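Following: one structure in structure tokens, then a few remarks.
The values are calculated or read from the model by the stated rules, or taken from the named source; none is laboratory data. All values reported here derive from a predicted model rather than from experimental measurement. With ideal geometry, Cβ positions are generated from the backbone for all residues, glycine too; neighbour counts draw on all protein chains shown. These area figures cover heavy atoms from the full protein model, side chains too; ligands, DNA and RNA do not enter into them. Shrake-Rupley method; radii C 1.70, N 1.55, O 1.52, S 1.80 Å.
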Amino acid sequence: LASGKNMSSSASPSQEQLVKHGCFILCLDVPEKLQFGLDYTMWRVGPNFQGVKMIPPGVHFVYYALGLNDDMAARTGFFVYLKEQEVLVRRWDPAMEDFKALSPDEEERYADGVRQFDFDKSMGPYPMDKWQQWIELSRFISEQVLSKLEPVNKKIQSQARKHEYDEQQKTNQKSSEADSGQTAMESFSASMVGFTIFYTDIPTRHVPASASASQITQLNMDKSAILHGLLADEYNKDHKLLLGELQFAYITFLLGQSLESFEQWKKLVLLLCSCEEALKTVPQLFIDFIPAIYSQLQQAPDDFFIDELSGPNFLRHALQSFFELLDDASLDPRLRSRAEKLKQFVSQRFIGGLVELDEDAPMIVET
């Protein structure tokens, strides 16, 4: 499935190009037990690890966790948008158990050292075998998307990491409550503001007061009015910003293990799979959406399709409804062609194939 935007190039950059124009992430004082991830690859670092070199310019997601268990370790992550030959420098703070930025002067000194190959032997090359997968997952995440969605402190926390942070903050705040005069709950709420992702509020209903009963029924089934309103009010009439948020949410759920992001991804998928009229009025949105959801489902782990988080009443029914809406000869032929390829893939990937909807099938209701 071809996508609507060609980020940098659909072809992987050569090693020579990456040596000349590639970017770097230098990591200082990294503990050996750290798990370190960049885009679609995660490593357990050795004693000499100091980061990654020859990184293609563009958007990337850095994430990490302490501990040896890949599934249970609490993760923290952040996006970066790297320019050609840019060097990002972070130092591990053992007290915070997190990476922190350096002063501008110190960072520039280290960046000069990186460009002079002082750290070359302790930096691993970017895994280019995963580059095409990452391009498809992040194609619509622009600097504008990051500016809109990122938390104040830029950090994305997994559910496990949030729990650790919550417990630590509550303990610290109890000890300082008497001195500050601020209640523990007030102090705790203020501290969590920095981790809030600024996702767009996705309404579930858009029914004018003057709507008739038949119109209300139609509006409850066709979410096109909600979509049009969001495009105008929240996305500056640019559907790529909406798809950028869809991809941001998916990546921070899949790689950052954020349940908040899963819920936003779910809301956006449900919305986009329920817009009959918009398939004709804004076809390019759906021409771009189909490859985006295709790559997400293609790269999801196998258990994602049977896990209770996604569940049959979500993905299976949402996609089946979407395919029924696309079964319309008057639609853009590109939509119908891409939908058929997506349907074939989903039917193979889902255990038991797609369910057929009928009048007795449960309806998708987002509350």
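One line per residue, one yes/no per condition, for (1) under 30 Å from ALA300 (Cα atoms); (2) among the small types (Gly, Ala, Ser); (3) in contact with a strand residue (DSSP E or B) (Cβ under 6 Å, 6 or more places away or on another chain); (4) assigned to a helix (DSSP H, G or I):
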position: LEU88; (1), (2), (3), (4): yes, no, yes, no
position: TYR110; (1), (2), (3), (4): no, no, yes, yes
position: LYS130; (1), (2), (3), (4): yes, no, yes, yes
position: TRP134; (1), (2), (3), (4): yes, no, no, yes
position: LEU137; (1), (2), (3), (4): yes, no, no, yes
position: GLN144; (1), (2), (3), (4): yes, no, no, yes
position: ASN153; (1), (2), (3), (4): yes, no, no, no
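Enumerate the pairs (first residue in region 87-108 and on the phi > 0 side of the Ramachandran plot; second residue anywhere and assigned to a strand (DSSP E or B)) with beta-carbon separation below 7 Å, excluding pairs fewer than 6 apart on the same chain, so at least 6 apart or on different chains.
Note: pairs meeting the criteria are GLU97/LEU66.
Can you tell me which residue in region 52-70 is modelled with the lowest pLDDT, limited to those that are within 26 Å of LEU149 (Cα to Cα) and among the small types (Gly, Ala, Ser)?
ALA65
Kindly evaluate ARG115 against the criterion of being of a type outside the set (A, V, I, L, M), open to solvent by less than 40 Å² (accessible area, probe 1.4 Å) and touching a residue at least 24 places away in the same chain (Cβ under 8 Å). Quick ask: steps written out before the conclusion?
Numbers: of a type outside the set (A, V, I, L, M): yes; open to solvent by less than 40 Å² (accessible area, probe 1.4 Å): no; touching a residue at least 24 places away in the same chain (Cβ under 8 Å): yes.
Judged against the criteria, ARG115 is not a match.
Hey, which of the helices (runs of 4 or more DSSP H) in region 184-285, taking only ones fully inside, have at least 1 residues that are polar (S, T, N, Q) and modelled with pLDDT of 90 or more?
The qualifying helices (runs of 4 or more DSSP H) are 224-233, 239-254, 259-272, 278-281.
Give me the pairs: first residue in region 243-259 and open to solvent by 10 Å² or more (accessible area, probe 1.4 Å), second residue among the basic types (Lys, Arg) and not in a helix (DSSP H, G or I), beta-carbon distance under 6 Å, and six or more apart or on different chains, which are they?
The qualifying pairs are GLN257/ARG75.
Out of (1) modelled with pLDDT of 95 or more; (2) open to solvent by 10 Å² or more (accessible area, probe 1.4 Å), what's the single condition that is false for ASP288?
(2)
Show the residue pairs that are 6+ apart or on different chains and have beta-carbon atoms under 9 Å apart, the first residue being within region 118-134 and aliphatic (A, V, I, L, M), the second being not in a strand (DSSP E or B).
Pairs that qualify, where the first residue is aliphatic (A, V, I, L, M) and the partner is not in a strand (DSSP E or B), are MET123/PHE49; MET123/GLN50; MET123/VAL114; MET128/SER12; MET128/PRO13; MET128/GLN15; MET128/LEU18; MET128/PRO56.
Would you pick out the residues in region 81-90 that are aliphatic (A, V, I, L, M) and either surrounded by fewer than 18 Cβ atoms within 10 Å (Cβ to Cβ) or touching a Cys at 6+ places or on another chain (Cβ under 6 Å) (or both)? Before you say what the answer is, go through the steps one by one.
Going residue by residue through region 81-90, those that are aliphatic (A, V, I, L, M) are 82, 87-89.
LEU82, the sole residue that qualifies.
State all residues of region 320-340 that are of a type in the set (A, V, I, L, M), over 25 Å from the mean Cα position of the chain (by Cα) and surrounded by 13 or more Cβ atoms within 10 Å (Cβ to Cβ); if no residue qualifies, say none. Outline the logic, then answer.
Taking region 320-340 first, the residues of a type in the set (A, V, I, L, M) are 325-326, 329, 331, 335, 339.
If we keep only those that are over 25 Å from the mean Cα position of the chain (by Cα) too, we end up with 325-326, 329, 331.
The answer is LEU325, LEU326, LEU331.
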